[in-house]
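Q: One structure coming up, written as structure tokens, with questions to follow.
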Amino acid sequence: MELWQLLIQFVFRLTFGVALAMGVTPAKHVTSGFYRVHLWVLLGLNTFGALVVYSQREAFADTLMNWPLVLGLAIDLVVITYVGSVVWLYEKVQLGSAVIQGVAALALMAAIFATPWANTREPVAVALAILDLVSSGVLLGVTLAAMLLGHWYLNTPTMELLPLRRLVMSMTVAILVRTLVSGAGLALQLGNDQSIDAAFWIFVTFRWLSGLLGTLTVALMTWYTLKVPNTQSATGILYAGVILAFLGELTSMLLSVDTLYPL
């Protein structure tokens, strides 16, 4: 699998997670600009995604069942994120929330169809792969959304801390689910493959230290920092969390390319 294909999966997972995180962030405690600006971010991400799918269509045709569908979903995401940003510009909360939910659903569909399923046939492997995709997107999304929301507190310090605390708590739950999914995948992979080399363990160790243990430490540090409360320091800590989550999930995706189970 080429790097571009992994990158597209990453973009769709991240879009799903950020939209989901915005969806669980109560609009009565956060200004509408938060949703509008970050829908623009998703618009840019999926514009890039659509261009990559089209430019690399020959490579995608070899590994995906229906690359035009993936391209169509990416274009749909570009359109709906733009529409959503306009809706939030006029502060239509209910309609804006519905659009965000639509973005999350479309992005999840795009992530599923952008994933090659040829080598995933066992029911357990399929179930773990789906759990891996969903939990990965949630972890990426809530971590990035928490960091972006932390910036919003720097501009609007009078906002309540409930939304940020909720995202940090969601981040912790997502890390625990990721640990269970990755642990189950690793155990099953070791049971089916005895030819494990040192390089495999190096990458697995890096994946667990950065993407799981590292992000969990960041989540706990952020939670206790918000008890001070100090949103500026919490935002700085979440910067590190975003980097660790991105490195961990990208490493997980790279490891899982040639294995039966997600790692």
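Laboratory data are not the source of any read-out in this text; all were calculated from the coordinates shown. Everything quoted here is computed from the prediction, not taken from an experiment. FYI the Cβ positions are ideal-geometry reconstructions off the backbone, even for glycines, and counts take in every protein chain you see.
Q: Given the rule -39500 (n - 2.57) for each run of at least 4 DSSP H residues, summed and divided by the residues of the chain, what is its mean residue ellipticity at 222 nm, to the nearest 500 deg cm²/dmol? Mind dumping the intermediate values first?
A: Values: 10 runs with 209 residues, N = 263.
So the calculated ellipticity at 222 nm is -27500 deg cm²/dmol.
Q: Follow-up question, since we're still on this one. Using 1/(1 + (r/R0)^6) with R0 = 30 angstrom and r between the beta carbons of ALA198 and TYR239, what's the FRET efficiency to the nearest 0.05? Could you put the intermediate results ahead of the total?
A: Values: r = 32 Å, r/R0 = 1.07.
Here the calculated transfer efficiency is 0.40.
Q: Next question, about the same structure. Let me spell out the model: positive unit charges on the Cβ of Lys and Arg, negative unit charges on the Cβ of Asp and Glu, origin at the Cα centre of segment 121-263. What dipole size does that give, in debye rounded to 20? Mind showing how you got there, number by number?
A: Working: 6 positive and 7 negative charges, 98 e Å.
Roughly 480 debye for segment 121-263.
Q: Just need the relative contact order of segment 1-118 here, percent rounded to a whole number, with Cα pairs under 8 Å and 6+ apart.
A: Values: 134 pairs, mean separation 49.6, N = 118.
Computed over segment 1-118, the figure is 42 percent.
Q: Let's test the formula: R0 of 22 Å, r as the Cβ-Cβ distance of LEU7 and VAL79. What FRET efficiency results, to the nearest 0.05? Walk me through the numbers before you get to the answer.
A: Details: r = 21 Å, r/R0 = 0.97.
The formula returns an efficiency of 0.55 here.
Q: Next up: Report the charge-dipole magnitude of segment 1-118 in Debye, nearest 20, computed about the Cα centre from +1 at each Lys and Arg Cβ and -1 at each Asp and Glu Cβ. Kindly include the intermediate steps, with their values, before the conclusion.
A: On the way: 5 positive and 5 negative charges, 82 e Å.
Dipole size: approximately 400 debye.
Q: Which values of log₁₀ I(q)/I(0), to two decimal places, follow from the Debye formula for segment 1-118 at q = 0.17, 0.21 Å⁻¹ with a uniform point scatterer at every Cα?
A: -0.73, -1.01
Q: Among MET169, MET159, MET65, MET22, which comes first, second and so on when ranked by fewest other beta-carbon atoms within 10 Å? If you can, show how the numbers build up before the last one.
A: Values: MET169 14, MET159 17, MET65 11, MET22 29.
Sorted ascending by nearby Cβ count, the order is MET65, MET169, MET159, MET22.
Q: Return one quarter of the surface area of the convex hull spanned by the alpha-carbon atoms of segment 53-198, equal to its mean projected area, in nm². Provide the component values of the computation, followed by the final result.
A: On the way: hull surface 49.2 nm².
About 12.3 nm², averaged over all directions.
Q: Suppose each label sits 7 Å from its Cα in the direction of the beta carbon; what would the ASN66-ALA187 distance come out to in nanometres?
A: 3.6
Q: Give the range of the longest stretch in the chain that excludes all trypsin sites (Lys or Arg not before Pro) found in loop regions by DSSP and having at most 16 other beta-carbon atoms within 10 Å. Please list the in-between numbers first.
A: Working: sites that count: LYS28, LYS92, ARG121, LYS227.
With a cap of 16 other Cβ atoms within 10 Å, the longest stretch comes to 122-226.
Q: If you add up the charges near ALA219, with Lys and Arg at +1 and Asp and Glu at -1, over every other residue whose beta carbon is less than 14 angstrom from its beta carbon, what do you get?
A: Working: positive: ARG165, ARG166, ARG178, LYS227; negative: none.
That works out to +4.
Q: Output the peptides 216-225, 127-136 sorted from most to least packed, where packing is the average of other Cβ atoms within 10 Å over each peptide's residues. Present the calculation step by step, with values, prior to reporting the outcome.
A: Details: 216-225: 19.1, 127-136: 21.0.
In decreasing order of mean packing, 216-225, 127-136 become 127-136, 216-225.
Q: Of the chymotrypsin sites (Phe, Trp or Tyr not before Pro) in segment 63-138, which ones lie in a loop per DSSP and count no more than 16 other C-beta atoms within 10 Å?
A: Working: sites: TYR82, TRP88, TYR90, PHE113, TRP117; in loops: TYR90, TRP117.
Here the sparse-neighbourhood loop sites are TYR90, TRP117.
Q: Can you tell me the length gained on complete extension of the stretch VAL228 to HIS151, counting 0.36 nm per residue apart and subtracting the Cα distance?
A: That pair, VAL228 and HIS151, stretches by 26.0 nm at full extension.
Q: Continuing with the same structure: Where the centroid of each part is defined by its Cα atoms, how far is segment 65-79 from segment 92-171 in Å?
A: 19
Q: Still on this structure, please answer the following. Which whole-number percent is the relative contact order of the chain (Cα, under 8 Å, 6+ apart)?
A: Working: 351 pairs, mean separation 63.8, N = 263.
Worked out over the chain, it gives 24 percent.
Q: Largest first and in whole Å, give the semi-axes of segment 121-263's equivalent ellipsoid, each being the square root of 5 times a Cα gyration tensor eigenvalue. Don't skip to the answer; put the middle values down first.
A: Values: eigenvalues 214, 40, 22 Å².
Each semi-axis is √(5λ); the values are 33, 14, 11 Å.
Q: Checking understanding here: applying a Kyte-Doolittle mean of at least -1.0 and a length along the axis of at least 24 Å (C-alpha), which whole DSSP H helices in the chain pass? Please list the in-between numbers first.
A: On the way: long enough: 3-23 (30 Å, 1.52); 32-55 (35 Å, 1.04); 67-89 (33 Å, 1.93); 93-113 (30 Å, 1.90); 123-155 (48 Å, 1.61); 162-192 (45 Å, 1.12); 231-256 (36 Å, 1.23).
Flagged H segments are 3-23, 32-55, 67-89, 93-113, 123-155, 162-192, 231-256.
Q: How long, wide and thick is the chain, going by the Cα atoms along their three principal axes, in whole angstroms, largest first?
A: The Cα atoms of the chain stretch 57, 41, 27 Å along their principal axes.
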